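Heads up: the structure comes next, in structure tokens.
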There are 2 protein chains.
Amino acid sequence: MLETKLVSQLKKIIGKEGVLTAKEDLNAYSYDGTTTWAHMPDVVVLPTTTEQVSQVLKLANENKIPVTPRGAGTNVSGGSIPIKGGIVLCTTKLNKILDINKTNLTATVEPGVVLQNLNMALAKQSLFYPPDPQSFLGCTMGGTVAENAGGPYCVKYGVTKQYLLGLEVVLANGYIMKLGGVTVKNRTGYELVMLFTGSEGTLGVITKITVRLLPMPPASKTMMAVFDDMAVGGQAVSDIMASGVVPAKVEFVDNFVIRRIEEMTPMGLPVEANALLLLQADGSSAAVEADSEQIIDILKKSGAKEVKVAKDANEAAMYWKMRSGGFAAVFGAAHTVMAEDVAVPRDKLAEFIHKLGEISKKSGFFIQFLGHAGDGNLHPSIFTDMRNEEEFARAQKTMAEIFRAAMELGGVLSGEHGIGLEKQRFLKEAMDPVAIDIMRKIKGIVDPNNILNPGKIWEEEGV
Amino acid sequence: MLETKLVSQLKKIIGKEGVLTAKEDLNAYSYDGTTTWAHMPDVVVLPTTTEQVSQVLKLANENKIPVTPRGAGTNVSGGSIPIKGGIVLCTTKLNKILDINKTNLTATVEPGVVLQNLNMALAKQSLFYPPDPQSFLGCTMGGTVAENAGGPYCVKYGVTKQYLLGLEVVLANGYIMKLGGVTVKNRTGYELVMLFTGSEGTLGVITKITVRLLPMPPASKTMMAVFDDMAVGGQAVSDIMASGVVPAKVEFVDNFVIRRIEEMTPMGLPVEANALLLLQADGSSAAVEADSEQIIDILKKSGAKEVKVAKDANEAAMYWKMRSGGFAAVFGAAHTVMAEDVAVPRDKLAEFIHKLGEISKKSGFFIQFLGHAGDGNLHPSIFTDMRNEEEFARAQKTMAEIFRAAMELGGVLSGEHGIGLEKQRFLKEAMDPVAIDIMRKIKGIVDPNNILNPGKIWEEEGV
């Protein structure tokens, strides 16, 4: 527990209503979207200004109290869990859209702005911010930067880091630092904006974000392809990527999700299909027509049993709702769902899907999966129960085999969820040891007392 | 001069033919594309393998000898000038294209591969790597990464950093480090690939580069718009950017360049025009038709006197040759051409062009400019003669006024050329002092003896 004196000082900085200490309040900030980890904070603060963030960090730094920055807590690698206790600094009240500039094609927001709220404000001006983690209804912009979030649109439009132009960041000692700016080209010094992007709250607290925008594509078309064989679906994705067409989205859903969704919200999905691909083409109407014709042609040649085209915006929205509900459908399926996130080269998708089948057979665990197939980014899930120690240990071992299978194919430990707590014990297999040491030392430069989100990404030595 | 013993050791590592010590050879590596700086190296090495790079750096590090990495030397901020002498490590013999993967949409190359050679190899497979610094005919891929290069295509497609997936980097102590990979999504640890990108050779020597590719756009159309007033041309660019259409290129050329090009290579350019905009739409044929129609309509409404459409690929190529020859045309115009590189928000283009006019009038210097208007990135040049100390000092002062005018409008000190030697004395005005300190300390982590491209980006304290 924090000393009463410190809590009083926090209340002086933020005001009473922005400091939570009741056990039932703290409990709500003890976990995030990751099912296998939780830890109680000592206190939660909800600052409303950058200056307050600065003063909280200064106080914490002087007293060497851990501070875990957090947005909406939709993180799925444990990054926002206060594993060392201390302060949870929640940014949800820093939630103003500060500027939308249609000519410069930029927006500046506070970190607590919910991604969907930004998108709605942009849509009114026919503007578009592509990175779309499937938690978009709740996740905050600060979290998307800290995690360098991706989603379905990234196959055509790239991930969060490809849209960041400027950040305001508060360092551990309270210093408010401005990085980058509002221009799309900027070659002033090292790419420090990129250093804070994806740093999972370990280097600073992000308090302002400037992103570049695109005009809203005037037209789009959604297609659904049905496959009897999952690996054939994977190969179809490779065929599309090699064909020269660039779909806006290429998503993969397996039979488990199809059935679960159909149970929860009946929408006439083909419940016998072993896999569905959901695809979108976007751009000018003419480009959409040309692209979707080409995509449908390839899907059929690649072995799709059926290709349906959403007849209107409502049907398209229904398909995408299915996809965005996929994780929720999976999470309800067992006491403990180990939902993971790997990526493989796009020419290795079918091979990886075969490999998942073998691992499933060998381990006896059913492996469910869905994901952003157009990026080679899949989310395999294992259903288990962490209260059963023996089974949970076997499930963890099986998940490790999945990571290793992805890496053996030239893939990566995390495609878009980050390392957090969930994957830190695998980091040494996935990253050069000297690179890990460089990360540690960079953290030492900006956070010498190791107060910011301690215990994340890499394993601590000698603990 | 280096000791004879060290030169012998370098010859043992690389072979005699890869070590240059003759004065006339060294002279060729004493300057780059920047006209106001030069310094002789003690020795030039041309390694052919990563292992050789590693051994050279190990030797240099043990003996605390400066090493300036260099590609084709097309740098225009002095970044590849060996300002402290020592070794120039030239990567031009590390010039193999290692892999082009059409399904994964990636290429892996050595740093000495010339950008144009990569583009030609990709074109054979209908693939496309967008970043296009106007030195593309000679510049090397390693240089484009070290400088995070941009060019005309970046208005639609983004800069080099938006295409980098993986790097192999040799650190100052000779350690060969692999960062990132070949997947388009990768959330494994901090963005260290991005840290080395744009670090101007100060953090490591890049020995392998994996980039993501796009399918070659099937069609394109080039347009040229003629303006009587430069600021009206600038406003037209803002109008296009706000309209929802995304041109592939939007370039600005002033009357000076028009006349010089027409003198050098007559192509029927409108020599009386005060400004030209060169624009390109690309994508599917249908999208190109729709986009170019919209662009032409806006250009006319925004005050273009005339809009010409290139009738075929040859005429389009001629227009773009004019643009890529723009800098060459400018460089021949005076003994000393201070060719600069600033960027302003895209809604401030007309205001910045007005401001340049005022600075020109006040200073008495003619200010020539061209640039990537669609990104707000302009290259103003002042013609002077550095042998005339008084005039050169006034020219430098005038250039400083241009930088400050851009920054006052929310712009940046460098849009795409980097800081190098040319702009380091302005860095403190353009970057947070704590951020500069963080850069210094990061360099201290990976290069404690400060051997890699010393004396660049920031000013050394107490020197």
Worksheet item: For B:Tyr31, what accessible area in Å² do you get when you roll a 1.4 Å probe over the heavy atoms of the protein chains, rounding to the nearest 10?
Response: 110
Practice prompt. Could you pull out every one of the aspartates and glutamates with an alpha carbon less than 14 Å from that of A:Lys361, ignoring same-chain neighbours closer than 8 positions?
Written response: A:Glu401
Worksheet, complete the sentence: Computed on Cα atoms only, the convex hull of segment A:303-358 has an orientation-averaged projected area in nm² of 6.1
Worksheet entry | Förster radius 25 Å - calculated FRET efficiency between A:Glu408 and B:Leu214, Cβ distance, rounded to 0.05 | 0.35
Practice prompt. Compute the distribution of all C-alpha to C-alpha distances in segment A:136-195, in bins of 5 Å from 0, and list the percent of pairs in each, rounded to whole numbers.
Written response: 4, 15, 24, 23, 20, 10, 4, 1
Fill in: Cβ-defined net charge surrounding B:Gly79, 14 Å radius [Lys, Arg +1; Asp, Glu -1]
-1
Worksheet entry | Label distances, nm, B:Pro270 versus same residue in remaining copies, Cβ-directed 7 Å point | 5.6
Worksheet item: Leaving out same-chain residues fewer than 8 places away, which lysines sit with a Cα under 17 Å from that of B:Lys16?
Response: B:Lys5, B:Lys93
Discussion item. With viscosity set to 0.890 mPa s at 25 °C, what whole-number translational diffusion coefficient in µm²/s follows for chain A from Stokes-Einstein and a Kirkwood radius over Cα pairs?
Written reply: 107
Item to complete: For segment A:105-132, list whatever residues lose no less than 10 Å² of accessible surface once every protein chain is in place, relative to that chain by itself, with the probe at 1.4 Å.
Response: A:Leu105
Discussion item. Treating the point 7 Å from Cα along Cα-beta-carbon as the label, what are the nm separations from B:Tyr175 to the other copies, to one decimal?
Written reply: 2.5
Discussion item. Less than 16 Å apart at the alpha-carbon level, and either on another chain or at least 8 residues along: which aspartates and glutamates does that give for A:Lys311?
Written reply: A:Asp282, A:Glu289, A:Glu293
Worksheet, complete the sentence: at B:His335 the sorted inter-copy label distances (label 7 Å from Cα on Cβ side), in nanometres, are 8.5
Worksheet item: Which whole-number value in Å³ per residue fits the convex hull of the alpha carbons of segment A:4-90?
Response: 86
Worksheet entry | chain A: relative contact order in percent, alpha carbon pairs under 8 Å with at least 6 residues between | 16
Worksheet item: Between A and B, buried accessible area summed over both sides at probe 1.4 Å, in Å² to the nearest 100?
Response: 6600
Worksheet item: Each residue of segment B:70-77 in order: what ³J(HN,Hα) in whole Hz does its phi give by Karplus 6.51 cos²θ - 1.76 cosθ + 1.60, θ = phi - 60°, with x for Gly and Pro?
Response: 8, x, 8, x, 8, 3, 10, 10
Worksheet item: Which ³J(HN,Hα) values in Hz, rounded to whole numbers, follow from the phi angles of segment A:241-248 under the Karplus curve 6.51 cos²θ - 1.76 cosθ + 1.60, where θ = phi - 60° and Gly and Pro get x?
Response: 4, 7, 7, x, 8, 10, x, 6
Item to complete: Kindly report the accessible area of the protein assembly as shown per residue (heavy atoms of protein chains, probe 1.4 Å, no ligands, DNA or RNA), in Å².
Response: 35
Fill in: Net charge dipole size for the protein assembly as shown [Lys, Arg +1 and Asp, Glu -1 on Cβ; Debye, nearest 20]
840
Item to complete: Could you work out the mean count of beta carbons from other protein chains within 10 Å of each residue's beta carbon in B:449-461?
Response: 0
Worksheet item: Under the definition of partner shielding as Cβ atoms of other protein chains within 10 Å of a residue Cβ, what is the mean value for peptide B:287-300?
Response: 2
Item to complete: Report the local net charge at B:Lys11: Lys and Arg +1, Asp and Glu -1, summed over other residues whose C-beta lies under 12 Å from its C-beta.
Response: +2
Fill in: Cα centroid of segment B:96-114 to Cα centroid of segment B:28-44, whole Å
30
Worksheet, complete the sentence: With no solvent term and unit scatterers on the alpha-carbon positions of segment B:97-215, Debye gives log₁₀ I(q)/I(0) at q = 0.22 Å⁻¹ of -1.34
Worksheet item: If we count every other residue with Cβ under 15 angstrom of B:Lys321's Cβ, Lys/Arg +1 and Asp/Glu -1, where does the sum land?
Response: -3
Worksheet entry | Relative contact order [Cα under 8 Å, 6+ residues apart], segment A:334-418, whole percent | 44
Worksheet, complete the sentence: Note on segment A:179-193: residues buried by at least 20 Å² of accessible area once partner chains are added (vs chain on its own, 1.4 Å probe) come out as A:Val182, A:Thr183, A:Val184, A:Lys185, A:Asn186, A:Arg187, A:Thr188, A:Gly189, A:Tyr190, A:Glu191, A:Leu192
Worksheet entry | For the protein assembly as shown, share of DSSP beta bridges that run antiparallel, in % to the nearest 5 | 90
Practice prompt. State the Kirkwood hydrodynamic radius of the protein assembly as shown in Å, one decimal place, computed from all pairs of distinct Cα atoms.
Written response: 28.6
Fill in: Listing of segment B:235-269 residues, each with accessible area lower by at least 40 Å² in the full protein assembly than in the chain alone (probe 1.4 Å)
B:Met241, B:Ala242
Fill in: Too-long pairs where the Cα-Cα distance tops 32 Å, listed order kept, from B:Lys208/B:Lys355; B:Lys84/B:Lys441; A:Lys441/B:Lys423; A:Lys308/B:Lys300
B:Lys208/B:Lys355; A:Lys308/B:Lys300
Worksheet entry | Helix-only [θ]222 nm of chain A, DSSP H runs n ≥ 4, -39500 (n - 2.57) each, per residue, nearest 500 | -10500 deg cm²/dmol
Practice prompt. Within 10 Å of each Cβ in peptide A:405-416, how many partner chain Cβ atoms are there on average? Round it to a whole number, please.
Written response: 4
Worksheet item: What ranking do B:66-79, A:307-320, A:254-267, A:89-102 get when scored by the average of other Cβ atoms within 10 Å per residue, highest first?
Response: B:66-79, A:89-102, A:254-267, A:307-320
Fill in: Accessible-area composition of the protein assembly as shown, carbon plus sulfur, in percent [1.4 Å probe]
51
Worksheet item: FRET efficiency for B:Gln396 and B:Phe331, Cβ-Cβ distance as r, R0 = 25 Å, nearest 0.05?
Response: 0.90
Worksheet item: Among A:Ser8, A:Ile296, B:Gly326, whose Cα lies farthest out toward the positive end of the dipole of the protein assembly as shown, if unit charges sit on the beta carbon of Lys, Arg (+1) and Asp, Glu (-1)?
Response: A:Ser8
Discussion item. More than 18 angstrom separation, counting every C-alpha pair in segment A:333-461; what % is that?
Written reply: 57
Worksheet item: To the nearest µm²/s, what D does Stokes-Einstein give for segment A:195-306 at 10 °C and 1.306 mPa s, using the Kirkwood radius over alpha carbon pairs as Rh?
Response: 98
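The values are calculated or read from the model by the stated rules, or taken from the named source; none is laboratory data. It should be emphasised that the depicted structure is a prediction, and the values quoted were computed from it without experimental measurement. A quick note on method: Cβ atoms are made from the backbone with ideal geometry, for glycine too, and the neighbour counts reach across all protein chains shown. Heavy atoms of the whole protein, side chains included, go into the accessibility calculation; ligands, DNA and RNA do not. Shrake-Rupley method; radii C 1.70, N 1.55, O 1.52, S 1.80 Å.
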